Amino acid sequence: HTIVEPPSFVEIPQAKEALPGANVTFSATVHGSDPIPNVKWMKGKWRQITHGGRITIEQKGPDAKLEITEITKSDSGQYRCVATNKAGEIECSTDLNVDERKDIGGVDGDFRAKLKKYREKEAESGKLVR
């Protein structure tokens, strides 16, 4: 007669923020015994996420992973990781925020371009300090 240990999380998935088209991975590590807890991923309250298309779900022993490729705005929201074995069920939740602001990379790029032009002007006038 073995004591079945209810599931617990060793590592919980971290919230993510990304731009559309990026790939995101949520990882969780579970602890429990006989057998190792089964992990499932949910979007919002009710929708279980299934493997296929842009979604990869893997569980190797205690390590569970949810990967979503080429994310879109509709992938934003709360994700729940549910671990279950004979002794019980636990869950934790995390968030994915898909940010549509195109200027995140743009501002940085514009700034670099301006800086380059400024440096070129300085070089032309012979003022560039090495």
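The values are calculated or read from the model by the stated rules, or taken from the named source; none is laboratory data. Just so you know, these numbers come straight off a predicted model, no measurement behind them. Because the Cβ atoms are built from the backbone with ideal geometry, glycine has one as well, and the counts that use them run over all protein chains shown.
Would the range 59-70 turn up any residue that is in a loop (DSSP other than H, G, I, E, B), more than 27 Å from ASP99 (Cβ to Cβ) and of a type in the set (S, T, N, Q)?
First, pick out the residues of the range 59-70 that are in a loop (DSSP other than H, G, I, E, B): 61-62, 69-70.
Add one more test, that the residue is more than 27 Å from ASP99 (Cβ to Cβ), and what stays is 61-62.
Subsequent filtering for residues that are of a type in the set (S, T, N, Q) retains none.
No, that holds for no residue.
Every residue in the range 5-23 that is part of a loop (DSSP other than H, G, I, E, B) and over 17 Å from LYS40 (Cβ atoms), please.
Filtering the range 5-23 down to residues part of a loop (DSSP other than H, G, I, E, B) leaves 5-7, 12-15, 19-23.
Within the range 5-23, GLU5, GLN14, ALA15, LEU19, PRO20, GLY21, ALA22, ASN23 qualify.
Among what's in the range 69-121 and is at pLDDT 90 or above and of a type in the set (D, E, K, R), pick the residue that is farthest from VAL10 (Cα to Cα). Spell out the reasoning first.
Filtering the range 69-121 down to residues at pLDDT 90 or above leaves 69-98.
If we keep only those that are of a type in the set (D, E, K, R) as well, we get 70, 73, 75, 80, 86, 89, 91, 95.
On the way: GLU70: 28, LYS73: 30, ASP75: 26, ARG80: 15, LYS86: 18, GLU89: 14, GLU91: 12, ASP95: 19 Å.
Applying the filter and picking the extreme gives LYS73.
Determine which single condition GLY53 fails, assuming it passes every other condition in (1) surrounded by fewer than 12 Cβ atoms within 10 Å (Cβ to Cβ); (2) at positive phi; (3) at pLDDT below 95.
Condition not satisfied by GLY53: (3).
For residues that are over 12 Å from CYS92 (Cβ atoms) and either touching a Cys at 6+ places or on another chain (Cβ under 9 Å) or in a loop (DSSP other than H, G, I, E, B) (or both), tally how many sit in the range 28-43. Full working, then the answer.
Taking the range 28-43 first, the residues over 12 Å from CYS92 (Cβ atoms) are 31-38, 40, 43.
With the extra rule that they be either touching a Cys at 6+ places or on another chain (Cβ under 9 Å) or in a loop (DSSP other than H, G, I, E, B) (or both), the set shrinks to 32-37, 40.
Residues flagged as over 12 Å from CYS92 (Cβ atoms) and either touching a Cys at 6+ places or on another chain (Cβ under 9 Å) or in a loop (DSSP other than H, G, I, E, B) (or both) within the range 28-43 amount to 7.
Report yes if some residue within the range 26-46 is out of contact with any Asp or Glu (no Cβ under 6 Å at 6 or more places or on another chain), within 28 Å of PHE9 (Cβ to Cβ), among the charged types (D, E, K, R) and modelled with pLDDT under 95; otherwise report no.
Yes: one or more hits.
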